[in-house]
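The values are calculated or read from the model by the stated rules, or taken from the named source; none is laboratory data. Note that the structure is a prediction, hence the values are computed from the model and not measured. Heads up, the Cβs are rebuilt from the backbone with ideal geometry, glycines too, and the neighbour counts pull from every protein chain shown. The accessibility values were calculated without ligands, DNA or RNA, using every heavy atom of the protein model including side chains. Shrake-Rupley method; radii C 1.70, N 1.55, O 1.52, S 1.80 Å.
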Amino acid sequence: MTNPLKKEIDDFLNKIALYESLHYQTKVHLSNTIKQIEKKNESNSGIEPFIGTKLIIGDLTGKSANGWKLNYPTEFQIEIKGQEEMIKSIDTLISQNGMTFLANCYEILESFLFNIIGEFLNVYPTYQKHLKVKKELLTDQKEFLRKYYRSKNNTALLKLLREISPNYKESENLNNTDINLNDWYYVITNVRHSIVHSLHLLDTKKLNFSKNQMFIYKTFFSHEEIQGSWKLIMTYEETKKQINLIAEFGFMIFKSLSNEQNEDRKILHNLK
């Protein structure tokens, strides 16, 4: 009999695989561009690489030309000149695109949490006794969780998961990463927020990381200090590691919930 949670984990891993691929493709294509720039330089062509852009905008409430918007150049322009600047710019592109892909993967994980826990409650309604919120006539527990279990850092949802699954609660501390995954989730939640909302900056005064959370951040997320804030400058390898960990964390949740009902959780090739 097919595990009723398999559809959720398959959908989750399929989406993560897409962004892992996009991350890899970006690295390969841009690294090839670096090689081309270096090759041209070695040939002594005498032509330095150059890219330049100028911001051109229209006046939305200004004059038009027979209904066509008129555009005007601004004083803001970016110029990248020479091999050294070009390679540095490409490295920045790889880093920043990778962090954007990581933020996307976090969003996928967050949605997966609601979906797989909700589906587990749908299939095994006896576990609904753990719901602390006043029950409504909502037949789909995914809908119920999204309405009543949204909280900062998904604290309420993860607490519910621990109550439903002792397997998961144990795995947060006993796992092959040698880190507390609850602390990791708190860190990556803040990392995702900085990527999406704060131009990759984390305010050190507002972080309030514990000692262990600080260790996780400093170990796995490269950054530089800028006027009391930390600016993320994650490498390709660091981002790849975090995308993989998100996938592994999702699989751990699937495995934990499956174990609660002795469902088949061997969806990975050669998994023992």
Item to complete: Might you let me know whether segment 89-106 holds any residue that is surrounded by 13 or more Cβ atoms within 10 Å (Cβ to Cβ), within 23 Å of residue 242 (Cβ to Cβ), hydrophobic (A, V, I, L, M, F, W, C) and in contact with a strand residue (DSSP E or B) (Cβ under 7 Å, 6 or more places away or on another chain)?
Response: yes
Worksheet item: What are the residue pairs meeting all of these: first residue in segment 45-70, first residue under 29 Å from residue 82 (Cβ atoms), second residue in a strand (DSSP E or B) and of a type in the set (A, V, I, L, M, F, W, C), Cβ atoms under 6 Å, and 6 or more apart or on different chains?
Response: 51/80; 53/78; 55/76
Worksheet entry | Sole exception among (1) within 30 Å of residue 190 (Cβ to Cβ); (2) without any contact (Cβ under 8 Å) to a residue 60 or more places away in the chain for residue 103, by number | (2)
Discussion item. So, residue 144, is that one part of a helix (DSSP H, G or I), crowded, with 16+ Cβ neighbours inside 10 Å, touching a Gly at 6+ places or on another chain (Cβ under 8 Å) and at pLDDT 95 or above or not?
Written reply: no
Worksheet item: Would you say residue 90 is in a helix (DSSP H, G or I) and under 20 Å from the mean Cα position of the chain (by Cα)?
Response: no
Discussion item. Against the definition (touching a residue at least 12 places away in the same chain (Cβ under 8 Å), loosely packed, with under 15 Cβ neighbours inside 10 Å and either at positive phi or out of contact with any Pro (no Cβ under 6 Å at 6 or more places or on another chain) (or both)), how does residue 194 come out, yes or no?
Written reply: no
Item to complete: Take residue 208 and decide whether it is at positive phi, without any contact (Cβ under 8 Å) to a residue 40 or more places away in the chain and open to solvent by 60 Å² or more (accessible area, probe 1.4 Å).
Response: yes
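Among the listed residues 174, 161, identify the single one that is within 23 Å of residue 130 (Cβ to Cβ), in a helix (DSSP H, G or I) and not polar (S, T, N, Q). Let's see the steps before the verdict.
Working: 174 fails: in a helix (DSSP H, G or I).
161 is the lone residue from the list that is within 23 Å of residue 130 (Cβ to Cβ), in a helix (DSSP H, G or I) and not polar (S, T, N, Q).
Kindly indicate which of 172, 119 is acidic (Asp, Glu), under 22 Å from the mean Cα position of the chain (by Cα) and closer than 27 Å to residue 102 by Cα. Let's see the steps before the verdict.
Details: 119 fails: under 22 Å from the mean Cα position of the chain (by Cα).
Testing whether each residue is acidic (Asp, Glu), under 22 Å from the mean Cα position of the chain (by Cα) and closer than 27 Å to residue 102 by Cα leaves just 172.
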Fill in: Yes/no for residue 218 being open to solvent by 70 Å² or more (accessible area, probe 1.4 Å) and within 30 Å of residue 91 (Cβ to Cβ)
yes
